[in-house]
1. Carbon and sulfur atoms: what percent of the 1.4 Å accessible area of the stretch 86-147 do they account for?
2. Going by average Cβ density within 10 Å per residue, which order do the peptides 98-106, 52-60, 156-164 take, highest to lowest?
3. Can you tell me which of 174-183, 139-148 comes out highest on packing, and rank the rest after it, using the mean Cβ neighbours within 10 Å?
4. Counting heavy atoms of the protein chains only and a 1.4 Å probe, report the per residue accessible area for the stretch 91-238 as a whole number of Å².
Amino acid sequence: RRRERERRERMSNQDQLKRKRSDDGGEGAAGVVLNEAEFDRIRDDLRRYDEQRERIIKTSRDVQKRSKQAIFSLHRKDFAGAKKQLDSAEETALSLVDLVKAEPTLRGGSFSNALEEYAEAKLFQHYLQEGALLSMKDSLGHLVKNEEYLGGVLDFCGELNRFAVQRATARDEEKVKECRDLVENIMAQYLKFDFRNSGLRRKYDGLKYTLKNLETMLYELSLTHQGIKKTNVRVSEH
């Protein structure tokens, strides 16, 4: 009812304006310097932009979801499943590239965040398979820009920390040390940047805690191994 009332009021106002122009003999209308076609164009542009933005947001959710699923699969050592999910995420992201190139302001937010998640998954996949950090130019540059890659690397360090916890549980000190060394090297590179107050800055601030966690894991593993060695010595003495 409220919407119907508002519609009738708008129609009434338009009718009054038309009658006023008619009463003025067209002189009032001729005296108004206003390009209605220009306002129509702007309205169409904004409507089209909103439609494109909604498409970006919706499709980016699919990219982010599949990338998250791939990371979960990688932790479970389901490499075939992870590859399938990442291929799907990449294909979906590529479907938006032309749209984003035509309207660069649409890249920030949902699409950029989804690409960071995709980069994180690709980095984790490459590390588990090759034991090294995937460079941007190798297989990410066609989709991911500099800041998205840097954000993906920082998120990847968080996954590396979770992976190290699994290896620490299995008493795999060498693998935990490898994770610690990689994060330490990444930290050395990020210290050279000046991120100021940005999303990357907030992520970077968490990197030192990841490094501290890995160092604590290594320390606790060394104590455990020392305890096992001491126990073995006592048994052999008896």
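1. Within the stretch 86-147, the accessible surface is 45 percent carbon and sulfur.
2. 156-164, 52-60, 98-106
3. 174-183, 139-148
4. Result: 57 Å² per residue.
The values are calculated or read from the model by the stated rules, or taken from the named source; none is laboratory data. Since the model is a prediction, treat every value here as computed from it, not as a measurement. Don't worry about glycine lacking a Cβ; one is built from the backbone with ideal geometry, like all the others, and counts go over all protein chains shown. The area values use the complete protein model at the heavy-atom level, side chains included, leaving out ligands, DNA and RNA. Shrake-Rupley method; radii C 1.70, N 1.55, O 1.52, S 1.80 Å.
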